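Chemist: This is the structure I have questions about; it appears just below.
Nothing in this text is a laboratory measurement; each read-out follows from the coordinates by a stated rule. Treat the numbers as computed from the prediction; the structure is a model and nothing was measured. All Cβ positions, even for glycine, are placed from backbone atoms using ideal geometry, and neighbour counts span all protein chains on display.
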Amino acid sequence: MAIEHIVIPAAGRGLRMMPVSRAVPKELLPLADRPLIHYLAVEACLAGARELLFVVRKGATALQRYFEHDARLLADLRAAGRGGAADDLEWLHARGVRVRAVPQEHPRGLGDAILCARAAVGKTHFGVMLPDVWVHPPETGMPALAACFQRDAESSVLLDRVPAGEVQKYGIAATRRRPGGGLWLRGVVEKPGPATAPSRLALVGRYLLPPEIFPLLERAAPQHGGEIQLTDALAALLEEQPVQGLRCRGKVHDCGHPAGYMRAFTVATRLRLQSRPAD
Ligand code: G1P
C-alpha cells in the first residue's frame with residue numbers, strides 16, 4: 001500500500017521568520033540553491049507520493065508556480081551551462097507528481113490546515129510534511145514512514161530527540177517499546193514545560209495518518225489563539241488505534257526560526273558543493 005497524498009501546510013504568517021517572510025514565503029527560502037519546498041518534494045517523491053496538497057492562503061500561487069514545467073527554461077539553462085539546475089528541476093517533473101493548492105480561509109493552526117485538505121485526501125491514509133523541517137538524507141524522513149505503512153499497515157510519526165531545554169517548542173511523545181522493533185506512541189502533548197514533558201522525543205513534522213484523524217480534528221477544542229492542534233487530535237486517535245513512533249535515522253533541521261535556518265543553510269551549502277561544484 002502506497003500513500004497517494006501528502007498534505008503540506010503552508011498558510012502560516014511566518015512570524016518567527018519575520019522580517020524576511022514578509023518578502024518571501026518561508027517555504028520558498030533557499031537552502032543552498034534550492035528552496036525548502038524543493039527538498040520537501042524530493043522527500044515526498046521518494047516516499048512514493050502521487051499528489052502534493054499545499055494548504056495555502058487564499059490566492060497564493062507562488063508555491064504551485066515553482067513546480068510548473070517549463071521546457072524552454074530547461075533548454076535555456078542547459079545552453080547557459082547550468083545543466084545541474086536543469087537536472088534538479090527535471091528530476092521532479094519526471095516523477096509526474098501532481099501539485100494542488102488547497103485554500104485555508106482563516107489560518108487557525110496546523111490542525112485546521114489539515115482539515116482543509118479533507119475532501120482532497122478522501123478516505124485513505126495520507127502523509128503530512130511540515131515545510132520548515134528539513135530531514136537529511138531524505139530517505140530517513142517521509143519514506144521511512146511510508147515503508148513502515150507498507151510493512152505494517154499502521155500510522156506513524158517521525159520522532160527525534162531534542163535537548164531538555166527545547167521540549168517546549170515541540171509536540172512531545174510518550175512511547176513504549178513495540179515487540180518486533182520500533183516504538184508505540186502512548187501519548188502526545190503539545191509544547192509541554194521541561195518539568196512535565198513525558199520524554200525528550202519530539203514530533204518533528206512528518207506524519208502518516210489515517211482518515212479517522214479528520215473527525216477528531218473537527219472535534220479538537222481550539223487552544224491558545226484559537227488554533228486547532230494536530231497533536232490534540234493525535235492524542236485522541238491513540239484512544240482508538242495504535243500509532244508507531246519512528247526515531248529518525250538522519251538529521252532533522254528545524255528551519256522555522258532564524259538560528260535553525262541559518263545552521264541548515266550552512267549544512268546544505270556544504271553538501272551541495274560536495275556533490276556538485278557550483279556551476
Ligand atoms: C508544530 C507542531 C508540533 C511539532 C512542530 C515540529 O509546531 O504543532 O507538535 O513538534 O511543528 O516542527 P510549530 O513549530 O508550528 O509551533
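Chemist: Given labels modelled 7 Å from the Cα in the Cβ direction, how far is it in nm from ARG95 to ARG72?
Modeler: 2.7
Chemist: Using a simple spin-label model with points 7 Å from Cα along the Cα→Cβ vector, what separation in nm is obtained for ALA221 and ALA259?
Modeler: Result for the modelled spin labels: 3.3 nm.
Chemist: Can you give me the angle between helix 83-95 and the longest principal axis of the chain, using Cα atoms only, in degrees from 0 to 90, rounded to the nearest 10?
Modeler: 50
Chemist: Within the range 218-248, find all residues whose amide N lies under 15 Å from a label point positioned 7 Å from the Cα of THR196 along Cα-to-beta-carbon.
Modeler: From the range 218-248, the list is 223-224, 232.
Chemist: Exactly which trypsin sites (Lys or Arg not before Pro) in the range 57-124 are in a DSSP loop and have at most 16 other Cβ atoms within 10 Å?
Modeler: LYS58, ARG82, LYS123
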